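All of the numbers you see were taken from the coordinates with simple rules; none came from a lab. Here the structure is a predicted model, which means the values were calculated and not measured. Here the Cβ positions follow ideal geometry from the backbone for every residue, glycine too, while neighbour counts run over all protein chains shown.
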Amino acid sequence: MSPDLPANSPLVSFVIPTKEEEGYIGALLRNLRTASETSELPVETIVVDSRSADRTIAEATGLADRVIADCDLACASIAHARNAGARLATGEFLFHTDADVLIPDLAALLGRAAREFADPATVAVTARVMPYPWESTWRDDAIHRVANAFFRSSRWYGSRFSRGECQIVRRSAFEAVGGYTGRYISGEDCDLFHRLHRVGRVIYLTDQQVYHSLRRFRRDGYMRTLGIYVREWLWMSLLDRSFVTEWRVVR
């Protein structure tokens with residue numbers, strides 16, 4: 001057992017939705033498997049696929065503990081896919097993430113989360129989301145630092161926002177709030193933490209981070225992507241639904 005984790009730590013279930021992710025899912029699952037075997041971390045991995053036409057299923061098979069390849073709900077929205085994986089998970093804690101994420105120090109991240117969850121009032125934990133170091137420029141790094149600061153400061157707006165790349169949630173709290181809102185095509189991640197903070201403590205770990213791909217920012221640019229996120233937030237806040245009817249994949 002990793003020294004960062006207390007003895008008899010509860011199982012953590014990683015829930016990973018996929019759609020045409022053959023270029024990323026294998027790296028994430030190998031990342032998780034290597035870290036869990038090296039540090040004897042109590043984790044399981046569940047991949048919920050949205051009928052990918054590429055080699056996503058082939059890449060995930062044999063690396064994930066469970067691969068759900070025929071889930072109709074997963075095709076409806078990423079929120080449905082996350083919920084479907086959560087229902088099949090057996091862990092006391094759910095670690096929702098994305099297929100293009102890598103975790104540089106899983107033992108340290110789970111250890112810090114475990115210490116926060118030792119307080120029964122803590123219902124969710126998240127960490128900084130940064131770009132892959134090997135494809136990041138100083139500009140990418142700076143923009144992400146500002147974005148992370150915005151998410152941490154969301155408590156001043158009467159909410160608690162978080163990105164879907166790293167959402168560690170106490171299962172009982174996840175079920176108590178009804179999981180992700182299925183009708184939201186995007187923004188389901190921020191909505192979940194907004195509802196969770198009403199039932200308990202939501203913690204931001206400033207000393208832990210996960211990495212993700214810059215593919216969407218590279219294709220659409222930061223201003224356009226930010227505009228899309230703001231638009232979706234406004235529609236969710238004012239009309240309780242997403243503006244988009246389908247979230248375009250970037251591969």
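Laid out as a table, the results:
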| read-out | value |
| --- | --- |
| Amide H within-cut-off set for residue 55, under 5 Å, with H built and near neighbours excluded | 22 |
| Relative contact order (%) - criterion: Cα under 8 Å, at least six apart; region: the range 31-103 | 30 |
| Euclidean distance of C-alpha centroids, the range 112-147 and the range 8-29, integer Å | 17 |
| Helical contribution to [θ] at 222 nm, DSSP H n ≥ 4, -39,500 (n - 2.57), averaged over the chain, rounded to 500 | -11500 deg cm²/dmol |
| Shape call, the range 194-251: gyration tensor on alpha carbons, a/c limit 1.5 | oblate |
| Two-site FRET efficiency, residue 149 against residue 51, from Cβ-Cβ distance with R₀ of 41 Å, rounded to 0.05 | 0.65 |
| For the range 12-239: relative contact order, % (alpha-carbon pairs under 8 angstrom, 6 or more apart) | 23 |
| Nearest-0.05 FRET efficiency for residue 141 and residue 250, computed from C-beta distance (R0 25 Å) | 0.80 |
| Placed amide H near residue 127: partners under 5 Å, 5+ positions off or other chain | 205 |
| Rounded if a/c under 1.5, otherwise prolate or oblate - the chain, Cα gyration tensor axes | rounded |
| DSSP H segments from the chain that extend 15 Å or more along their own axis, Cα-based, with Kyte-Doolittle mean of -1.0 or above | 25-39, 78-88, 106-117, 138-152, 222-239 |
| Distant-in-sequence amide H partners of residue 43 (H built 1.01 Å from N, under 5 Å) | 12 |
| Charge context of residue 32, other residues only, Cβ under 11 angstrom, K/R +1, D/E -1 | -1 |
